[in-house]
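Shown next, in structure tokens, is the structure this report addresses.
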Amino acid sequence: MSDSRPIPSLLYFAAAFGAGGLLSLMVLFNGTLAIYGSLLFASWVPHLTGTLLAIAILLVLRPRRASTFRPPLWAYLGGIAGGVTVMLTSATMNTALALSGTIALGLAGQVLFSLFADMRGLFGLPQRMPKPRDYLALALIIAGSLVLIFLGGAP
Amino acid sequence: MIGFAALALLAGVLVSLSRQVNGRLALSTSAWESSFWNHIVGLGFVTLAAVLFGGLFAGAPMEAPWWAYLGGPVGVVFIAAGSWLIARIGAAQTALLIIAGQMISGVVLDVLMGTAGNTWARIIGIVLILAGMWVSRSAKD
């Protein structure tokens, strides 16, 4: 519970930016799979191979549990929200929204709900209030994203 | 149309919701364990959908290039990273930086693969995103 937070260290910064790069690769790989197989297949296969790799990682690294208290049961259900997301986006991609509209509205939903969650400290995560600087960063990154989504394609 | 727009917006909300719930699980367990649960619960959910709707193996999935099958392993690292970050830098900061990385690497991938695109829009978009990241990093409040 604090509204003053330190500037994120360069490590967090690089990790989040790198995770965005991984997401691009996932979209490319899973999207290519969906060209040859069904949309369900393109979601089922990565969940299956991902589960297998995650089991291997847990067996090799044996990460220690951060707390001896059991997490609430709902904390195990994040994967369902991910599964529903795949279905929603596959449904809207084929409407007048197209891929660009689907991505742009998805970004908006993501950012607005993240801000709301931070301010309220939802789901037992630390509460934090965005500063003016954060809103400026947000506006610039979203503006750049919209330029790429709507104007970056072939003329 | 408005209905579909609401669904696309909801999809974005769910991306954020999923990352928060996974992040909460990682607070009690670990980022890797939260990625494991995300995948196995998601697998159960998608399998159920496949049983209900059918058509899982429709098309010619075996003709896809081998690298198209690598999305799962990449996803394990991606989900673990998100779960780890969200408790440390917050949901909004995590989302924004992931979006920045996705957009810029998307342009890099497009250029590498020779996908046609508007060069000026790509440059302006990347400059705006980099400026946003710079503002986010600058020490002054």
Query raised in the report: How high is the relative contact order of chain A, in percent, with contacts defined as C-alpha pairs under 8 Å that are six or more residues apart?
Result: 28 percent
Requested in this report: Using +1 at the Cβ of each Lys and Arg and -1 at the Cβ of each Asp and Glu in chain A, identify which of A:MET129, A:LEU107, A:GLY153 lies farthest towards the dipole's positive end.
Outcome: A:MET129
Requested in this report: Would you mind pulling out the separation of the Cα centroids of the stretch B:101-141 and the stretch A:11-71, in Å?
Outcome: 24 Å
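Treating only the Cβ of Lys, Arg, Asp and Glu as charged (+1, +1, -1, -1), what charge dipole size does chain B show about its Cα centre? Round to the nearest 20 debye. Don't skip to the end; give the middle numbers.
On the way: 6 positive and 4 negative charges, 79 e Å.
Charge dipole of chain B: 380 debye, to the nearest 20.
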Query raised in the report: With the contact rule set at Cα under 8 Å and sequence spacing of 6 or more, what percent relative contact order holds for the stretch B:26-104?
Result: 47 percent
Report summary line: Rounded to the nearest 500, the 222 nm mean residue ellipticity computed for chain A from DSSP H runs (n ≥ 4, each -39500 (n - 2.57)) alone is -24500 deg cm²/dmol
Report task. Give me the orientation-averaged projected area of the Cα convex hull of the stretch B:90-141, in nm², one decimal. Result -> 4.1 nm²
**Report entry** chain A shape via C-alpha gyration tensor axes, a/c threshold 1.5
**Finding:** oblate
Report summary line: In deg cm²/dmol, rounded to the nearest 500, the helical mean residue ellipticity at 222 nm of chain B, built from -39500 (n - 2.57) for every DSSP H run of length 4 or more, is -27000 deg cm²/dmol
Query raised in the report: How fast does the stretch A:8-66 diffuse by Stokes-Einstein, in µm²/s, taking the Kirkwood radius from C-alpha pairs at 37 °C and 0.692 mPa s?
Result: 240 µm²/s
Query raised in the report: Hey, what did the stretch A:74-155 get for relative contact order, percent, Cα under 8 Å, at least 6 apart?
Result: 21 percent
**Report entry** Placed amide H near A:GLN127: partners under 5 Å, 5+ positions off or other chain
**Finding:** A:SER2
Requested in this report: Just check the stretch B:19-82 against the gyration tensor rule for me: Cα atoms, a ≥ b ≥ c as the square roots of the eigenvalues, rounded for a/c under 1.5, and otherwise prolate or oblate depending on whether a/b exceeds b/c.
Outcome: oblate
Report task. Using the charge dipole of chain B (Lys, Arg: +1 at Cβ; Asp, Glu: -1 at Cβ; taken about the Cα centre), state which of B:LEU96, B:VAL108, B:LEU52 has its Cα farthest towards the positive end. Result -> B:LEU96
Query raised in the report: Can you list the equivalent-ellipsoid semi-axes of the stretch A:45-132, largest first and in whole Å, using the square root of 5 times each Cα gyration tensor eigenvalue?
Result: 29, 24, 11
Report summary line: At q = 0.15, 0.17, 0.19 1/Å the base-10 log of I(q)/I(0) from the Debye formula over the alpha-carbon atoms of chain B is -1.09, -1.27, -1.33
Query raised in the report: Restricting attention to the alpha-carbon atoms of the protein assembly as shown, what are Rg (one decimal) and Dmax (integer), both in Å?
Result: 18.5, 57
**Report entry** Cα-projected label distance for A:ARG65 with B:VAL51, points at 7 Å along beta-carbon direction, nm
**Finding:** 2.8 nm
Query raised in the report: Among B:SER28, B:ASN118, B:ASN38, which residue has its Cα positioned farthest towards the positive end of the charge dipole of the protein assembly as shown, with +1 placed on the Cβ of Lys and Arg, -1 on the Cβ of Asp and Glu, and the dipole taken about the Cα centre?
Result: B:SER28
**Report entry** Cβ charges +1 (Lys, Arg) and -1 (Asp, Glu), total dipole of the protein assembly as shown, debye
**Finding:** 800 debye
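Values quoted throughout were computed directly from the atomic coordinates according to the rules given, and no laboratory measurement underlies them. All values derive from a computational prediction rather than experimental measurement. Virtual Cβ from ideal backbone geometry, glycine too; neighbours counted across all protein chains shown.
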